[in-house]
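Take a look at the structure set out below.
The values are calculated or read from the model by the stated rules, or taken from the named source; none is laboratory data. None of the values given here were measured: they were computed from a predicted structure. Because the Cβ atoms are built from the backbone with ideal geometry, glycine has one as well, and the counts that use them run over all protein chains shown. All accessible areas refer to the heavy atoms of the entire protein, side chains included, with ligands and DNA or RNA removed. Shrake-Rupley method; radii C 1.70, N 1.55, O 1.52, S 1.80 Å.
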Amino acid sequence: MRAIVYEEFGAAEVLHVAEVPVPHIRPTDLLVKVAAAGVNRADLLQRTGFYGAQHFGESPLLGLEVAGEVIAVGDAVTDVEIGARVMAIVGGGGYGEIARVDRAMAAPIPESMPFHEAAAVMESFVTAVEAVSNLAQINTGQKVLVHSAAGGIGSAAVQVAHSLGAVVYATASASRHDDVLSIGADVVIDYRTGDFEAEIAARTGGTGVDAVIDFVGGDYLAKNLRSLRPGGVLVQVGILSGQNDAVIPLNLVLHNHLRLVGTVMKSRRAAEKRAMVQRFAALALPLFAAGRLRPLIDHVFPLAEAADAHRRVEAGGGFGKIVLTL
């Protein structure tokens, strides 16, 4: 089968199409003919050698989420039929014509959703549901601050928080304010020119928000903690700043009984990932069917143009996900 491969770590130019073996199916697996695959920053990090030889999954190929049609089922799978349309998280291997999928990591695609949109759902919305609903435990009327709200996971987090009845504050570039407002944010703060800490203090009368969902880290850490109400939680999903070391105001954490929770899907154990997918399916699938959640597509590239897709992610500034189609 055709797939995107690379022989050495490096810039997007190392990516090219090659023939690779079709993955072997196991009893609890599905084989999926991939119609579309989502592109994630973790793919870029893997390509540049950030993870070294590790790929945290079952395939060294890039690609963590796919959408397509089931062409084979393992002997132990009894609830999925050949021909079913599924979207799934995979442990690598999404950038290929056929992907091996753990049945427990797959979900049915809503009837009206095309494959290229379904390919933008799983990584973003499973992570968003985990951060907003399970870890931050946001409920109706609570206040949440979502950073990087125009990105794939950030925009999903805004939608999930809005669907749960939260008041959503978000940060994004000025050019994306209207986009972020259109998906459920109540207030959007320009991260380039505004001071989100001061804005949150002013907007909440100094009480702070119940939760912060952050993808930036670095200098944002202390500002996020100061933006929380007593008993609030900061859910750290990424470190886009690249700053692994940051100052934590421990006196504030102690005095205000704050919680700091880190989460990343790629390095989780299989059982944890399966539980995350189950929580996503229970909460989000009915909302997708009702039109209250929707995947956001920035741009679609054919598989052979995977290098261009990576360059677009690296350039940033888009709204929603980059998708490869086969």
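With the chain treated as a Gaussian network of Cα nodes joined by springs under 10 Å, which of 243, 278, 137 yields the largest mean-square fluctuation?
The residue with the greatest mean-square fluctuation here is 243.
How much area per residue is accessible in the stretch 47-100 when the probe is 1.4 Å and only protein heavy atoms are counted (Å²)?
Result: 42 Å² of accessible area for each residue.
Just how large is the dipole of the stretch 1-76 about the Cα centre, in debye to the nearest 20, putting +1 at every Lys and Arg Cβ and -1 at every Asp and Glu Cβ?
100 debye
Determine how many Å³ per residue the convex hull of the Cα atoms of the stretch 57-149 encloses.
Each residue corresponds to 149 Å³ of Cα convex hull volume.
Hey, got the dipole for the chain? About the Cα centre, +1 on K and R Cβ, -1 on D and E Cβ, debye to the nearest 20?
Its charge dipole is roughly 740 debye.
Let me check against my output: what whole-number percent is the relative contact order of the stretch 147-304, with C-alpha pairs under 8 Å and at least 6 apart?
17 percent
Can you give the extra length, in nm with one decimal, that the chain gains between residue 79 and residue 178 once fully stretched, where that is 0.36 nm per residue apart less the Cα-Cα distance?
Working it through step by step, the gained length comes to 31.4 nm.
Based on DSSP loop calls and a cut-off of at most 14 other Cβ atoms within 10 Å, the longest stretch of the chain free of exposed trypsin sites (Lys or Arg not before Pro) is what?
1-191
Whole number please: convex hull volume per residue, Cα atoms of the chain, in Å³.
Hull volume over Cα atoms, normalised by residue count, gives 124 Å³.
For the stretch 35-108, what are Rg and Dmax over the alpha carbons, in angstrom?
12.9, 40
What number, in nm² with one decimal, is the all-direction average of the projected area of the convex hull of the alpha-carbon atoms of the stretch 204-326?
So the Cα hull casts an average projection of 10.8 nm².
With a 1.4 Å probe and all protein chains left in place, how much of the accessible area of the stretch 84-222 comes from carbon and sulfur atoms, in whole percent?
Carbon and sulfur: 47 percent of the exposed surface of the stretch 84-222.
Cross-link partners among lysines for residue 321, C-alpha distance below 19 Å, same-chain residues fewer than 8 apart left out?
Within the straight-line limit of under 19 Å, residue 321 reaches these lysines: 266.
Let me check against my output: what whole-number percent is the relative contact order of the chain, with C-alpha pairs under 8 Å and at least 6 apart?
Dividing the mean separation by the residue count of the chain yields 18 percent.
Taking R0 as 30 Å, what's the FRET efficiency between residue 139 and residue 219 from their Cβ-Cβ distance, rounded to 0.05?
0.50
Say each of residue 112 and residue 311 gets a label point 7 Å from the Cα, pointing the same way as Cα to Cβ; how far apart are those two points in nm?
It is 3.7 nm.
If I model a spin label at residue 198 and residue 269 as a point 7 Å from the Cα along the Cα→Cβ vector, what separation in nanometres do I get?
About 4.7 nm, to one decimal.
Using the Cα centre as the reference, give the magnitude of the dipole from point charges on the C-beta atoms of the stretch 267-326 (Lys, Arg: +1; Asp, Glu: -1; all else neutral), rounded to the nearest 20 debye.
420 debye
Between helix 270-289 and the chain, what is the angle of the helix's C-alpha long axis to the longest principal axis, kept within 0 to 90° and rounded to the nearest 10?
For helix 270-289, the angle is close to 80 degrees.
Where does the stretch 58-214 land on Rg/Rh, using Cα atoms and the Kirkwood Rh?
Radius of gyration relative to Kirkwood radius: 1.08.
Where the Cα atoms of the stretch 135-193 are projected onto their three principal axes, how long is each span, largest first, in whole Å?
29, 19, 19
Most mobile of 298, 219, 245 per a Gaussian network model of the chain (Cα springs, under 10 Å)?
Of the options given, 245 has the highest mean-square fluctuation.
Can you tell me the accessible area per residue over the stretch 194-286, all protein chains present, probe 1.4 angstrom, in square angstrom?
Accessible area per residue, the stretch 194-286: 50 Å².
Could you work out the mean projected area of the convex hull around the alpha carbons of the stretch 9-66, in square nanometres to one decimal?
Computed as one quarter of the Cα hull surface, the answer is 4.7 nm².
Using Cα springs under 10 Å in a Gaussian network model of the chain, which residue among 215, 50, 280 shows the largest mean-square fluctuation?
Of 215, 50, 280, the most mobile in the Gaussian network model is 50.
Going toward the positive end of the dipole of the chain, with +1 on Lys and Arg Cβ and -1 on Asp and Glu Cβ, which of 249, 150, 110 do you reach last?
The residue sitting farthest along the positive end of the dipole is 249.
Multiplying the sequence separation of residue 13 and residue 72 by 0.36 nm and subtracting their Cα-Cα distance, what value in nm do you get?
Fully extending the segment from residue 13 to residue 72 adds 17.9 nm.
Give me the angle, in degrees from 0 to 90, between the Cα long axis of helix 152-163 and the longest principal axis of the Cα atoms of the chain, rounded to the nearest 10.
60 degrees
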